[in-house]
1. Which value, in Å to one decimal place, does the Kirkwood hydrodynamic radius take for the stretch 111-204 when every pair of different Cα atoms is included?
2. Could you sort the peptides 186-194, 112-120, 165-173 by per-residue average Cβ neighbour count (10 Å cutoff), highest mean leading?
3. Taking 23 Å as the cut-off for C-alpha to C-alpha distance, list the pairs among LYS104/LYS224; LYS232/LYS286; LYS154/LYS296; LYS207/LYS274; LYS274/LYS320; LYS131/LYS274 that go past it.
4. Could you line up VAL42, VAL160 from fewest to most neighbouring Cβ atoms inside 10 Å?
5. Amide H of SER155: which non-local residues (sequence gap of 5 or more, or other chain) have their own amide H closer than 5 Å, using H built in the peptide plane?
6. Which whole-number percent is the relative contact order of the stretch 141-211 (Cα, under 8 Å, 6+ apart)?
7. Which value results when the Cα radius of gyration for the chain is divided by 2.2 N^0.38 Å?
8. Counting only residues 5 or more places away or on other chains, whose amide H sits under 5 Å from the amide H of PHE70 once H atoms are built in the peptide plane?
Amino acid sequence: MPTYIYIYSITSARKPTRSSTISLSLQNHQDFIMDTSTYKTVTTSRGYEYSYYVSAQKGPKFPVLFLHGFPDYADMWTEQIKAFEQQGHTCIAPDMLGYGKTAKPLDGEAYNSEGISQDVADILEAENVSKALIVGHDWGAYLAGRFVNWQPSKSLGLVVTNVAHRAPTEINLPDANARLKATLGYEPLGYWAFMVQPDGPALIEDKIESFFSLLFAEDDSIWKTDLTPTGKLEEWLKVDRKAQIASYITPETKSHIIRRWLEDGFAGKVGWYKAMMENTHWNHEKKLTADAIRIKVPALFLGGARDAPAPAVLGELAMKPLCDDYTGVTIDSAHWMLRERPQEWLENVQDWIQKKF
């Protein structure tokens, strides 16, 4: 559930450092990552250690890079990766900065899009991948678009889910919420302020069942009343409210996600929000030229018709003018399209790939 960030130039000449490959243990990962993958670590040129999954067998078709968002992990892409591997693609899916065994810096500056794009490029270099299709969801979608901006030579195409690519913007949250409320009838980004409060991560962890139930509520319309308006997420957590959980979330999935959340905590994860709220992104991205901001490779946006923080109609308006070869698809889903409508997502992406590549 994204924002924008504040970044700094990376001047280190250090090369990414490879580490030994560790085969996945399905017992440890509860079958959420396919057994055809390996789990690796790499130290990027910025000095951050990243953990990532990569297909054990190199496929004959172009590689695909999967970037997750908040508060997911690389294993959210399990079913999509299985499908792409069956089609002959090599798949790479990092646990992004702040997640899993990847580094978890606490300062928003670390999460700037220029720097993380370099981190991701270092992962591709470690796997001898010169160019890939870049696929992202939520904050991973934001980063996917920026990766194409910062690393165009490594980008074959762009697929963004729920969160559209958009021009760099300096963030003033009250003004943004007021403008969007005038259009939408509700504040879509009010929860950002809570995410960057010093006590926010601890409150989420303390009320983890409440937080989970709101994020994955069966009635996703409550996001407009109890998540996105300013102050409502904090209010929900403090009284420990709980919603009925969506039918597409199995008990096993819930247990797996909550276990990983509590292992990691949220102090690193909210760095993605700090980077936006502190205008870290803007401080880096304002140096991108109008030409650099354009997406010159084929681009696909899959928007959720019921996505409260990122309505599909607004995403298309932002992204389409910035793309040379744009395709937009609106799917009847809320923010968790990959869980709610996985087959529809896959069919649309594969159809687009057949047409464009």
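1. That comes to 15.2 Å for the stretch 111-204.
2. 112-120, 186-194, 165-173
3. Table pairs above 23 Å Cα-Cα are LYS104/LYS224; LYS232/LYS286; LYS274/LYS320; LYS131/LYS274.
4. Starting with the residue having the fewest Cβ neighbours, the order is VAL42, VAL160.
5. Excluding prolines and chain starts, which carry no amide H, the hits are ALA132.
6. 20 percent
7. 0.91
8. TRP139, GLY140
Values in this text are rule-based calculations from the coordinates and carry no lab data. Keep in mind that this is a model prediction, so the values were computed, not measured. So basically every Cβ, Gly included, is an ideal-geometry build from the backbone, and we count neighbours across all protein chains shown.
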